[in-house]
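The values are calculated or read from the model by the stated rules, or taken from the named source; none is laboratory data. Computed from a predicted structure; not experimentally measured. Every residue, glycine as well, gets a Cβ built from its backbone with ideal geometry; the counts of neighbours run over all protein chains shown.
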Amino acid sequence: MDKKYLYWLFPILWMGIIFYSSATPYEQQDMKPFLGESVNLEFLEPLADEVRFTYNESIVSIETHGVEGIVEFFIRKGAHVFVFFILTLLFKLAFDKTTEMRFQNQVLFSFLLTAAYAIMDEIHQGFTPNRTAYMGDVFLDSMGSLIAVVLLIIIRKINWSK
């Protein structure tokens, strides 16, 4: 076997980490106790008091979640963006090292594979106790992927202009 195909281990391992996380019940991932005990978030109360929106048919506010809950919400949603941003970069690296595909096709297929995995991940998460599948999270995952694609295009344009 050609060693260059080992580059595919990176996205595969990363997908395994995502799969493991999605298979973990919410109670084992709950950050609110840690945040409440370890971090003084009182300074955020005036700002968090203004936060109120609906996500997945639930109100997110200081009244419904507390400051720790709002901070946890944004950490968790930021993790969606970050994790799928990284997955897109890993797919792009694997395509770059193992195929003769043009750059445009590499980023397109990296985005499409990441979006497809985001959909499968949400479906999988729907079978995990106390977790729900939500298309809004697929949107966040895809936004992370899109940010990676835009960054790759910007870097390529910068390198071409040198």
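Scanning segment 71-109 for residues that are of a type in the set (Lys, Arg) and under 12 Å from the mean Cα position of the chain (by Cα) gives Arg76, Lys77. Scan segment 46-75 for residues that are surrounded by 14 or more Cβ atoms within 10 Å (Cβ to Cβ) and touching a residue at least 12 places away in the same chain (Cβ under 8 Å) and the total you get is 12. Filtering segment 10-45 to residues that are surrounded by 11 or more Cβ atoms within 10 Å (Cβ to Cβ) and more than 19 Å from the chain's Cα centre (by Cα) leaves Lys32, Phe34, Leu35, Gly36, Val39, Leu41, Leu44, Glu45. Please go through segment 31-65 and give me each residue that is over 29 Å from Met135 (Cα atoms), of a type in the set (A, V, I, L, M, F, W, C) and not in a helix (DSSP H, G or I), ordered by number. If the condition is that a residue be over 29 Å from Met135 (Cα atoms), of a type in the set (A, V, I, L, M, F, W, C) and not in a helix (DSSP H, G or I), then Val39, Leu41 are the ones that fit. Residues of segment 66-103 that are part of a helix (DSSP H, G or I) and of a type in the set (Val, Ile, Thr): Val67, Ile70, Val71, Ile75, Val81, Val83, Ile86, Thr88, Thr98. Of all residues in segment 86-95, those satisfying the criterion of being over 24 Å from Gln28 (Cα atoms) and in contact (Cβ under 8 Å) with a residue 40 or more places away in the chain are Thr88, Leu89, Leu90, Phe91, Lys92, Leu93, Ala94.
Quick one: would you say Thr98 is out of contact with any Cys (no Cβ under 9 Å at 6 or more places or on another chain) and in contact (Cβ under 8 Å) with a residue 60 or more places away in the chain?
Judged against the criteria, Thr98 is a match.
When restricted to residues that are outside any loop (DSSP other than H, G, I, E, B) and free of Cβ contacts under 8 Å to residues at least 24 places away in the same chain, segment 123-133 contains 1.
Across segment 134-162, the qualifying residues are those that are surrounded by 17 or more Cβ atoms within 10 Å (Cβ to Cβ) and without any contact (Cβ under 8 Å) to a residue 40 or more places away in the chain, and the one among them that is farthest from Ser58 (Cα to Cα) is Leu146. For segment 27-77, the set of residues classified as of a type in the set (Gly, Ala, Ser), modelled with pLDDT of 85 or more and touching a helix residue (DSSP H, G or I) at 6+ places or on another chain (Cβ under 9 Å) consists of Ser58, Ser61, Gly66, Gly69, listed by residue number.
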